[in-house]
Amino acid sequence: MPAAAETYSLGAPVEIGKIEQELKKLWQEGEGAMTRASLMNLAVYSEQPGSLNNNTQLMAKITENHACRAIVIEADCRREEDRVDAWISAHCHVSSAGSKQVCSEQISFLLKGGCTTQLPSIVLSNLDSDLPLYLWWQEEFHEPMDPQLWTWVDRVIYDSHGWSDFRSQTRLLELMQKEANQRIVLCDLNWTRLDNLRFALAQFFDHPASHHRLAKISKVRIDFAPGFRSTAILFAGWLGAQLNWHIEEVKSPRELRFTGASARHIDVDLRERDGEPVHEVALTSGDVEFRVTYADCGDLLEISRAQNDEKRIPQLMPAGNNDPVGLISEELIRGGPHRVYLNALNCVRDLL
Amino acid sequence: MNRTADQPEPNPLREGLSARPVPQPCSIVIFGATGDLTHRKLVPALYNLAADGELPPGVVIVGFARRDKSDDDFRREIEESTRKFSRQPVRDEIWNAFAQSIFYHRSEFGDEAGYEQLAKRLDELDKSHGTRGNRLFYLAAGPDQFESILKNLKAAGLNQTCKGSWARIIIEKPFGSDLASARELNRVVRNSFTEDQTYRIDHFLGKETAQNILVLRFANAIFSPLWNTHYIDHVQITAAETLGVGTRAGYYEDAGALRDMVQNHLIQLLCLVAMEPPTDLSADSIRDEKVKVVRSLHRWSRSEIAANVVRGQYTKGAIHGEPVLGYRQEQNVNPDSQTETFVALRLFIDNWRWADVPVYMRVGKRLPKSATEISIHFKKRRRCCSIRICGTSTCSSFEFSPTKESRCEFMPRCPAQVFASSRLKWISITERPSANPARKRTNVLLLDAMSGDATLFARRDEVEEAWAFIDPIEEAWHAKKDAPELYFYPAGSWGPEAADDLLARDGRAWRRL
């Protein structure tokens, strides 16, 4: 086994038609107690030069907790020649019991030339049988959207924060969903980024006695880092969708006004500042302010509420990892559709 | 697993964020705050919940004990032990925030005025820390103090709360030492708290693997039709530990392995393996089915006990290559002690599903390795296509420790042979190794109690039925005449040979762990 230990190399080059045979050999030649494990097919698609190596490194970390068949694809669509190179390797990690190595296999492809025509056949012919297909699309979506591919995808993972044209991208997503008969689950890492913040804020309102505070929210402030306006707007969309607010007015790029029940106004202030993608959120409800902010140490959230001038008693909780491995890992442990995300997106789609 | 009537209305911001019932703000009052349990388990568990962001805002911890000390003294002591016993390293910034919610209340357990002052203090904390009038009392004191604590809680009105709030009590084992004392304890508890308010904690049930048993059994069509006497040959449950009696001799000398482990943990695990599907996932539906299993345990007559229950005591030997003392040489142990440190049992469940399927249980101290496992041994196919099949039966196992794996083992064809005896192991890792390494059984159970989910806590009738099963064995062992023998086994072995004979007589053997 060339890759008995954790490896960041692409592994052994293989002929396209012999991938399965070569994978079989890889396991037969393995030494020691190793278990091949796979719970899903995780395909990653990128057009960035050098992404094969970068994504192999990410896969080495992701497979520590998520055994899968990884299909890592780098496409160079501008080349005139049509060519596909492939490699196989394995990511092995010592199991929690300490004695066995649990290994995930990786097939890497470098596509040159007609990427869109090659992609479906590359992915579909190398899937581990009868396991769900997660496709992590690291590019913006572009036409044509090949139905042959999308009908096989169970969950498509993307990060909307870098999208240059949100509307055209969401249109393509809708097209993709149509091709897949609505079966495909949309997983936006820009939304995953908000998980811990949403969790922290939601805790304030768990007790029935605090529910009335939700109906009295009059102001929301969201501080976001440069480049993460869409993340902040998604957060506002989440509040709007869950609390039945509707966009009434966009006063300025940083001031929104929602309308809640009984024509109540809720003003949302979006403030750009250096820090985490969404660095701080504050809700004002009557005389109480609920606040979630990143603590100075950076990996913890500080949550607190204050009524009038009373002293805040802050509580700390994990902020989660905003790196790709952390975000993808969060996404991979989920099942079911992202209804809450879709509702949030629909609430603010005209603002994105 | 399910919400009780006093669960809050759904919070719209929670949608999609957590499948578990939501723990509620509360004051957690720990009786026996200076004791081992508080320092080693409870506060470290609460700290880990806080560090993982699972403790809701508005939770305070009030230590209740006799010794005189200030809030700050208590915080300092508890910080020291949390740094020592926490499963994840203590971070200063998290501790500092967490410590602001820790308080100390000095009082004798029998001093009524101390409870009245406690009630006032809790009311003040409701206002200052948003604990909402919810109270969770944790009895981490000795069982001899329970009655006094419970009576005084009631006298101070702390067993009741205003509408929309709750008061619950968590009781640690032992839940009595026999049926009579268990009934007496239950009577004492019932005088102050209703059964709905009472949470009898069994730390084994907080293990993820225990909860996986029900899911694996009832959610997988490959198992549910096979889970009965037609396909299952026998069941084995082992709880082995390398540790000796340590500092627990005072308690253990009176209790022994049967009372300490079998009456509660092992019977609870057996219930999960053997129970019928509940009508729904409410705590009471699940516990209704569990108690039926305990009621169905075949009661041996006194003369049958020696043939079906083996008791043993460890003598000097070696663990991991290190010499260790025999039980009778341990500190605070009677040199002529008859206390069992090992028990093996052969049980039957008298119902249609388990008719004639023996359940072998063993539990012991100073065994070669620490391991807890349930294994389900399916019947062997002796012939197939006119060919005799050799080898072992198919087996499903739930390993609680050390690996936390659920496994299904089956027989494939061996290369170059027609039928094979080699066993292929299919492994499912049931707990993701790094998903949340600090989330342990105590943490889960504390969250459940804060959420009002009693599924993983023992109900009064379960406890009493278990004692009704155990008592005849204890009586036989303590009979003046013809008491079954106490066997001895060297530390580091798998118990006395008589335990192996228990299975060998049936043509079976303990699974090698």
May I ask you to list the residues in region A:150-173 that are under 20 Å from A:L124 (Cα atoms) and not in a helix (DSSP H, G or I)? A:T151, A:W152, A:V153, A:D154, A:R155, A:V156, A:I157, A:Y158
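Of the residues A:F199, A:F224, which single one is over 24 Å from A:E174 (Cα atoms), within 12 Å of another protein chain (Cβ to nearest Cβ) and either surrounded by 22 or more Cβ atoms within 10 Å (Cβ to Cβ) or touching a Gly at 6+ places or on another chain (Cβ under 9 Å) (or both)?
Numbers: A:F224 fails: within 12 Å of another protein chain (Cβ to nearest Cβ).
Going through A:F199, A:F224 in turn, just one is over 24 Å from A:E174 (Cα atoms), within 12 Å of another protein chain (Cβ to nearest Cβ) and either surrounded by 22 or more Cβ atoms within 10 Å (Cβ to Cβ) or touching a Gly at 6+ places or on another chain (Cβ under 9 Å) (or both): A:F199.
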Could you please find all residues in region B:60-72 being within 14 Å of chain A (Cβ to nearest Cβ) and more than 25 Å from the chain's Cα centre (by Cα)? B:V60
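Select, from A:D188, A:D130, the only residue that is buried (at least 20 other Cβ atoms within 10 Å of the Cβ), under 26 Å from A:S329 (Cβ atoms) and among the charged types (D, E, K, R). Explain how you work it out, then say what you get.
Numbers: A:D130 fails: buried (at least 20 other Cβ atoms within 10 Å of the Cβ).
On inspection, the qualifying residue turns out to be A:D188.
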Could you grab me the full set of residues in region B:131-146 that are within 13 Å of B:A33 (Cα to Cα) and out of contact with any Phe, Trp or Tyr (no Cβ under 8 Å at 6 or more places or on another chain)? B:G142
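Only residues that are of a type in the set (D, E, K, R) and in a loop (DSSP other than H, G, I, E, B): list them for region B:341-372, please.
Taking region B:341-372 as the starting set, the residues that turn out to be of a type in the set (D, E, K, R) are B:346, B:350, B:353, B:356, B:362, B:365-366, B:369.
Listed by number, the residues that qualify are B:D350, B:R353, B:D356, B:K365, B:R366, B:K369.
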Take region B:216-231 and flag every residue that is exposed (fewer than 11 other Cβ atoms within 10 Å of the Cβ) and assigned to a helix (DSSP H, G or I). B:A219, B:P225
Residue tally, condition part of a loop (DSSP other than H, G, I, E, B) and in contact (Cβ under 8 Å) with a residue 24 or more places away in the chain, over region A:313-332: 3
Filter pass, A:S168 being surrounded by fewer than 18 Cβ atoms within 10 Å (Cβ to Cβ), free of Cβ contacts under 8 Å to residues at least 24 places away in the same chain and not basic (K, R): yes
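Select the strands (runs of 3 or more DSSP E) contained entirely in region A:251-312, then report the ones holding at least 2 residues which are more than 14 Å from chain B (Cβ to nearest Cβ). Full working, then the answer.
Values: elements: A:255-259, A:265-272, A:278-285, A:288-294, A:300-307.
So the answer is A:255-259, A:265-272, A:278-285.
Out of curiosity, is A:A60 at pLDDT below 90 and in contact with a Ser or Thr (Cβ under 8 Å, 6 or more places away or on another chain)?
It is false that A:A60 is at pLDDT below 90 and in contact with a Ser or Thr (Cβ under 8 Å, 6 or more places away or on another chain).
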Considering only residues that are modelled with pLDDT under 90 and of a type in the set (A, V, I, L, M, F, W, C), look in region A:63-92 and name the one that is nearest to A:L110 (Cα to Cα). A:V84
Inside region B:20-54, can you point out the residues that are part of a loop (DSSP other than H, G, I, E, B) and more than 14 Å from chain A (Cβ to nearest Cβ)? B:G32, B:A33, B:T34, B:G35
Just to be sure before I move on: is B:E15 at pLDDT below 90 and within 14 Å of chain A (Cβ to nearest Cβ) in the structure I sent? no
Tell me, which residue of region A:301-318 that is closer than 12 Å to B:I94 by Cβ and crowded, with 21+ Cβ neighbours inside 10 Å is modelled with the lowest pLDDT? A:Q315
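Say whether the condition of being more than 9 Å from chain B (Cβ to nearest Cβ) and surrounded by fewer than 16 Cβ atoms within 10 Å (Cβ to Cβ) is met by at least one residue in region A:230-239.
Initially, region A:230-239 is screened for residues more than 9 Å from chain B (Cβ to nearest Cβ), giving A:230-237.
Narrowing further to those that are surrounded by fewer than 16 Cβ atoms within 10 Å (Cβ to Cβ): none.
Looking through region A:230-239, none of the residues is more than 9 Å from chain B (Cβ to nearest Cβ) and surrounded by fewer than 16 Cβ atoms within 10 Å (Cβ to Cβ).
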Any pair with Cβ under 6 angstrom, 6 or more apart, that starts in region B:55-75 at a residue that is at positive phi and ends at one that is among the β-branched types (V, I, T): B:G58/B:T131
Restricting attention to region B:55-92, the residues that are part of a helix (DSSP H, G or I) and modelled with pLDDT under 90 number exactly 0
Go through region A:27-42 and report how many residues are modelled with pLDDT under 75 and either of a type in the set (G, A, S) or within 30 Å of A:G335 (Cβ to Cβ) (or both). 5
Going through region A:245-299 one residue at a time, which ones are within 22 Å of B:P12 (Cβ to Cβ), among the β-branched types (V, I, T) and over 24 Å from the mean Cα position of the chain (by Cα)? A:I247, A:T259, A:I266, A:V268, A:T284, A:V288
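Hey, could you check region B:125-163 for residues that are polar (S, T, N, Q) and out of contact with any strand residue (DSSP E or B) (no Cβ under 8 Å at 6 or more places or on another chain) and say which is surrounded by the most Cβ atoms within 10 Å (Cβ to Cβ)? Outline the logic, then answer.
Step one: of region B:125-163, the residues polar (S, T, N, Q) are B:128, B:131, B:134, B:145, B:148, B:152, B:159-161.
Those left that are additionally out of contact with any strand residue (DSSP E or B) (no Cβ under 8 Å at 6 or more places or on another chain): B:128, B:148, B:152.
Details: B:S128: 11, B:S148: 17, B:N152: 22.
Here the answer is B:N152.
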Any chance you could count how many residues in region B:304-327 are closer than 15 Å to B:G246 by Cβ and not in a strand (DSSP E or B)? 3
Cβ-Cβ under 7 Å pairs, at least 6 apart or on other chains, region B:259-271 side farther than 12 Å from B:L297 by Cα, far side hydroxyl-bearing (S, T, Y) and in a helix (DSSP H, G or I): B:D260/B:Y252
Can you work out which of the residues in region A:136-150 that are modelled with pLDDT of 85 or more and touching an Asp or Glu at 6+ places or on another chain (Cβ under 6 Å) is surrounded by the most Cβ atoms within 10 Å (Cβ to Cβ)? A:W150
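Residues checked against (1) charged (D, E, K, R); (2) surrounded by 19 or more Cβ atoms within 10 Å (Cβ to Cβ); (3) on the phi > 0 side of the Ramachandran plot:
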position	(1), (2), (3)
B:L325	no, no, no
B:Q331	no, no, no
B:Y360	no, yes, no
B:K365	yes, yes, no
How many residues does region B:93-129 hold that are in a strand (DSSP E or B) and either within 14 Å of chain A (Cβ to nearest Cβ) or without any contact (Cβ under 8 Å) to a residue 12 or more places away in the chain (or both)? 2
Taking only region A:313-332 into account, find how many residues are within 11 Å of chain B (Cβ to nearest Cβ), farther than 15 Å from A:N196 by Cα and out of contact with any Ser or Thr (no Cβ under 9 Å at 6 or more places or on another chain). 1
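The values are calculated or read from the model by the stated rules, or taken from the named source; none is laboratory data. Please read all numbers here as calculations on a predicted model, not as lab measurements. Here the Cβ is made from the backbone with ideal geometry for all residues, glycine too, and neighbour counts use every protein chain on show.
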